[in-house]
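Here the structure is laid out as structure tokens; the discussion comes afterwards.
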Amino acid sequence: MQFTRFLASNMLRQQQMQLARSSGVLRTQSARRMFQTSSKRMAVPKEEHAAHTISQRIRTLKKIPPELIPLGVVLFAAIAAAGYSIIRKFYTDRTLRLYRQGPQKDH
């Protein structure tokens with residue numbers, strides 16, 4: 001398993017070097033870093049700048065695919081209607097049991 005990884009990384013490294021030479025740019029350090037097989041390199045990279053202010057969070061909303069916007073609108077409308085209905089039920093239903101009924105038992 002390790003031997004096949006070693007062969008694959010060597011082949012990819014050679015291809016990268018040939019590409020770099022043919023384009024006139026020699027990037028040996030970045031090529032070596034890119035094809036290292038250590039567990040540190042296998043980890044998922046973090047986002048460049050994680051949103052930590054409100055304005056940055058608002059800017060990340062632009063990354064939402066446009067196909068999901070109608071779904072969001074429908075979902076928001078459903079949650080708003082459910083909230084309205086439950087609040088209206090609590091205020092208008094006179095038969096709703098709000099307190100315990102029957103004899104109280106002392107513990």
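The values are calculated or read from the model by the stated rules, or taken from the named source; none is laboratory data. No experiment lies behind these values; they were computed from the predicted model shown.
General observations
- Residues that are among the polar types (S, T, N, Q) and part of a loop (DSSP other than H, G, I, E, B) within the range 88-107 comprise Thr95, Gln101, Gln104, listed in sequence order.
- For the range 35-76, a residue qualifies if it is in a helix (DSSP H, G or I) and modelled with pLDDT under 65, and the qualifying residues are Ser39, Lys40, Arg41, Met42.
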